[in-house]
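One structure below.
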Amino acid sequence: MTTPRFDSLDQMAAATAGMLADAAAHAAFRLFRDRTFRRLAAFDSLDQGEQDRIFNELVVSWLVLVMLMLEAPDLGIDDDMRPYLGDVSKHIPKAHVGKLRELGIEDEHLRIWDKLIDMRYQEYARDRHGVRAAAMKIEAADKELGANDFAKIQLCVPVQAVAIGCHHHVCRGRTEGRDELFKLLVRSLGRFYVEIRVRFEGGRITLLTRVRVALNRFFRRLLRHRWK
């Protein structure tokens, strides 16, 4: 197999973004086709247009999760790699829109996709701060937080922020009584997050265990404190 040759780091970043965007879209599609998801999202009562809207929200959420992961301050990589991964993150929207263009999607719809990705990125990136603050408040209710607690909170902030936002948009804000759907989104986003993150920092078993424990703890406490 021939190794691709790139003329610049920007070209390599664009190629990496393309692979990550494809992985995100495929992961979102798997959840969209999942029988449990379709039952919890009440697909039997939704028309095709509403189902398409939900699919778009899933894809955008998975794309934004990749972007937030690449920008995470606790990502275990060398500091000199961070500017490159920042460039990869910026190429993610272009990569996905470019793939849609290759599939023959009209320019009008491509512009809508571009705006939707940017809007959700701005929203979920902003929500990270509230998620982190709420998680710290919840954790601190039972004990004094240490460095390990802060690390676990930081590790899962991207998943939590995206899951909460995605749940809200999939349900059109009507999230009351939809806890099982939220759990499924958290689990699905969490699995994908681990799969992508370990490509950059390794340590699959350790990272998977840390994320799984932190997300389970987060969800139990979230329901107990009824924080939204």
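The values are calculated or read from the model by the stated rules, or taken from the named source; none is laboratory data. Please read all numbers here as calculations on a predicted model, not as lab measurements. Cβ placement follows ideal geometry from the backbone for every residue including glycine, while neighbour counts extend to all protein chains displayed.
A few comments on the model shown:
- Selection within region 83-123 - over 13 Å from VAL66 (Cβ atoms) and aliphatic (A, V, I, L, M): VAL97, LEU100, LEU103, ILE105, LEU110, ILE112, LEU116, MET119
- Check on GLY49, in contact (Cβ under 8 Å) with a residue 40 or more places away in the chain, out of contact with any strand residue (DSSP E or B) (no Cβ under 7 Å at 6 or more places or on another chain) and surrounded by fewer than 17 Cβ atoms within 10 Å (Cβ to Cβ): no
- Any chance ALA21 is touching a helix residue (DSSP H, G or I) at 6+ places or on another chain (Cβ under 9 Å) and outside any helix (DSSP H, G or I): no
- Condition check for ASP179: of a type outside the set (A, V, I, L, M, F, W, C), touching a helix residue (DSSP H, G or I) at 6+ places or on another chain (Cβ under 9 Å), modelled with pLDDT of 90 or more and surrounded by fewer than 21 Cβ atoms within 10 Å (Cβ to Cβ): yes
- Residue check for GLY165: surrounded by fewer than 19 Cβ atoms within 10 Å (Cβ to Cβ) and at pLDDT 95 or above: no
- Among the residues of region 137-144, not a single one is more than 16 Å from the chain's Cα centre (by Cα) and within 28 Å of SER8 (Cα to Cα).
- Of residues in region 29-46 being over 21 Å from the mean Cα position of the chain (by Cα) and surrounded by 11 or more Cβ atoms within 10 Å (Cβ to Cβ), the one farthest from GLY177 (Cα to Cα): LEU46
- Residue pairs meeting the criteria (Cβ under 6 Å; at least 6 apart or on separate chains; first within 15 Å of LEU85 (Cβ to Cβ), in region 10-30; second in a helix (DSSP H, G or I) and among the hydroxyl-bearing types (Ser, Thr, Tyr)): none
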